[in-house]
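A short worksheet on the structure shown next.
The values are calculated or read from the model by the stated rules, or taken from the named source; none is laboratory data. Keep in mind that this is a model prediction, so the values were computed, not measured. With ideal geometry, Cβ positions are generated from the backbone for all residues, glycine too; neighbour counts draw on all protein chains shown. Remember, those area values only see protein heavy atoms, side chains included, never the ligands or the DNA or RNA. Shrake-Rupley method; radii C 1.70, N 1.55, O 1.52, S 1.80 Å.
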Amino acid sequence: MPKVKAVIFDLDGVLISTDHYHYEAWKKVTNNLNIAFDEQVNHRLRGVSRLESLNIILEQEDVQLSESEKQLLAEEKNRYYVQSLQKLNKEIVDQRVIVTLTKLKERGFKLAIGSSSKNAQYILDRLKLTSFFDAISDGNNITQSKPNPEVFLKAAEYIVEDPGNCIVIEDALTGVRAAKSAGMACVAIGHAALTDEADYQIETIDEILDII
Ligand code: B16
Ligand code: MG
């Protein structure tokens, strides 16, 4: 592996887990529509953009909606989700996250976020994590979501680093594929650790400190 100079973190599922908030928000939308939605479908939404998530939910039930109807449902889901995000605060951040980010900064690595979420900045602010990062690449600055590499390539561009010197930490298979197709090394954590498509698998985030 070439010398790693920068670490790009996925947000949801890596630095914080808001899966259940996404699930509850989509559940309210699907209940209103009277269509089926369960934890297994929710699992397929990991790392996937809001509109693509809705398409995955609708394809289960073969529901046809116009683009403007979908837009309204995605906005409704986001209102529920953002309401839940009010519960986030710095006390709920796993101490291993703080220790890992602190030590990586001390060791001179550039740190960036590479998230599909359009709420990434808000979440980081609520968790008081924003100051650790040199750049945030998220759902607001991309046109194609993971497994397209755009979000990670933009992160590398923002921190002025060669993609080959970046390592990505991801919890979603789509994110692992995005990282690999960006030409970056990838560490899988959580659900993505079940795949061998990443270069490394870890159980807890502080294990990165032994890898790079
Ligand atoms: P939003 P990540 C992703 O975040 C989530 O894993 C995924 O479930 C969600 O649909 C996506 O963000 C979009 O989020 O609705 O807030 O824009 O894992 O890429 O940090
Ligand atoms: Mg994720």
Q. Helix-derived [θ] at 222 nm for the chain: sum -39500 (n - 2.57) over DSSP H runs of at least 4, divide by residue count, nearest 500?
A. -13000 deg cm²/dmol
**Q.** Per residue, the convex hull volume that the Cα atoms of the range 141-212 enclose (Å³)
**A.** 81
Q. Excluding ligands, DNA and RNA, what is the solvent-accessible area per residue of the chain at a probe of 1.4 Å, expressed in Å²?
A. 48
Q.
Quick check for me: using +1 on Lys/Arg Cβ and -1 on Asp/Glu Cβ, what's the dipole size of the range 19-85 about its Cα centre, in debye to the nearest 20?
A. 240
Q: Using only Cα atoms, figure out Rg for the chain and give it as a multiple of 2.2 N^0.38 Å.
A: 1.00
Q) When the Karplus curve 6.51 cos²θ - 1.76 cosθ + 1.60 is applied with θ = phi - 60°, which whole-Hz ³J(HN,Hα) does each residue of the range 63-74 get, with x for Gly and Pro? A) 8, 9, 10, 6, 4, 6, 5, 5, 4, 5, 5, 5
(Q) Translational diffusion coefficient of the range 19-85 at 4 °C, 1.567 mPa s, Stokes-Einstein with Kirkwood Rh over Cα pairs, in µm²/s as a whole number. (A) 110
Q | Share of Cα-Cα pairs in the range 113-173 lying beyond 15 Å, as whole percent | A | 49
Q: Go through the range 92-161 and name the trypsin sites (Lys or Arg not before Pro) that are in a DSSP coil and have 10 or fewer other Cβ atoms within 10 Å of their Cβ.
A: R107
(Q) Whole-Hz ³J(HN,Hα) for each residue in the range 166-171, computed from phi via Karplus 6.51 cos²θ - 1.76 cosθ + 1.60 with θ = phi - 60°, x for glycine and proline: what do you get? (A) 9, 10, 10, 10, 9, 10
(Q) Under 5 Å between amide hydrogens, which residues at least 5 positions from T195 or on another chain qualify, with H placed 1.01 Å from N in the peptide plane? (A) none
Q. Once amide H atoms are placed 1.01 Å from N in the peptide plane, what residues at a sequence separation of 5 or more from I113, or on another chain, have their amide H within under 5 Å of its amide H?
A. F9, A135, I136, S137
Q: Quick one: dipole size for the chain, taken about the Cα centre, charges +1 on Lys/Arg Cβ and -1 on Asp/Glu Cβ, in debye to the nearest 20.
A: 620
Q. Longest exposed-loop-site-free stretch of the chain, with GluC sites (Glu not before Pro), DSSP loop and at most 15 other Cβ within 10 Å?
A. 1-196
(Q) Using the Karplus curve 6.51 cos²θ - 1.76 cosθ + 1.60 with θ = phi - 60°, what ³J(HN,Hα) values do you get for each residue of the range 137-142, in whole Hz, with x for Gly and Pro? (A) 10, 8, x, 7, 10, 10
Q | For D210, solvent-accessible area (1.4 Å; no DNA, RNA or ligand), Å² | A | 130
**Q.** the chain: angle of helix 19-33 to the longest principal axis, Cα-based, in degrees nearest 10
**A.** 20
Q: Take the solvent-accessible surface of the protein heavy atoms, probe 1.4 Å, and return the percent of it on the chain that carbon and sulfur atoms account for.
A: 49
Q.
As a test of reading the structure, rank D199, D206 by solvent-accessible area (1.4 Å probe, protein chains only), most first.
A. D199, D206
Q. How do Y21, Y200 rank by accessible surface area computed with a 1.4 Å probe, from largest to smallest?
A. Y200, Y21
Q. Under a point spin-label approximation (7 Å from Cα along Cα-to-Cβ), what is the N89-N31 distance to one decimal in nm?
A. 2.6
